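Structure record follows, encoded as structure tokens.
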Amino acid sequence: MPRLFRHDCRASTFVAMDGVEDVMELRVLGAVALLVSAAVHAWLWFDGVRNQSVGPLFLVNVVAGVVLAILLLRWRHWVPAFLTLGFGASTLGAFIIAATVGLMGIHEHWKGPYVFAAAIAEVVCIVVGGVLLQRRFLAPSRRRVERTA
């Protein structure tokens, strides 16, 4: 089976065989943010949101957050970064809609520690996903590393 990555022992980066660096710290930060968002939604689901119209969506958010965190750490491809960005944007977007005009009959408010914890985690997901994608696609010439035999 061909090797897809080689590990640089001097830094916590993985270098894909196409020569593009992948910074593991960003992936760990993104995975933690995904898990924080998933944990907040799980807490709220058990706290009674499951009986509201958005209950199933909260459960989907919990499962998606955990699955994406695992993918982000294990699969060094652009897809998990893209999905992390999309997860953060869609989840934060849904909350903003719920807090302004309402979503599926639910009108939320910007108060409580869980609201800010989830919002910060989702902003981190957006930033990490965007930075990983930017490093992968928009600046590959600066990130190229010579192949070694």
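Just so it is clear, none of the values below were taken in a lab; they were calculated from the coordinates. What you are looking at is a predicted structure, and each value in this text was computed from that prediction instead of being measured. Counting neighbours? That spans all protein chains shown, and the Cβs are built from the backbone with ideal geometry, glycine included.
Tabulated values for the structure
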{"read-out": "Net length gained if the chain between V101 and W43 were fully extended (0.36 nm per residue, minus Cα distance)", "value": "18.5 nm"}
{"read-out": "For peptides 26-38, 116-128, sequence by mean Cβ density within 10 Å, most packed first", "value": "26-38, 116-128"}
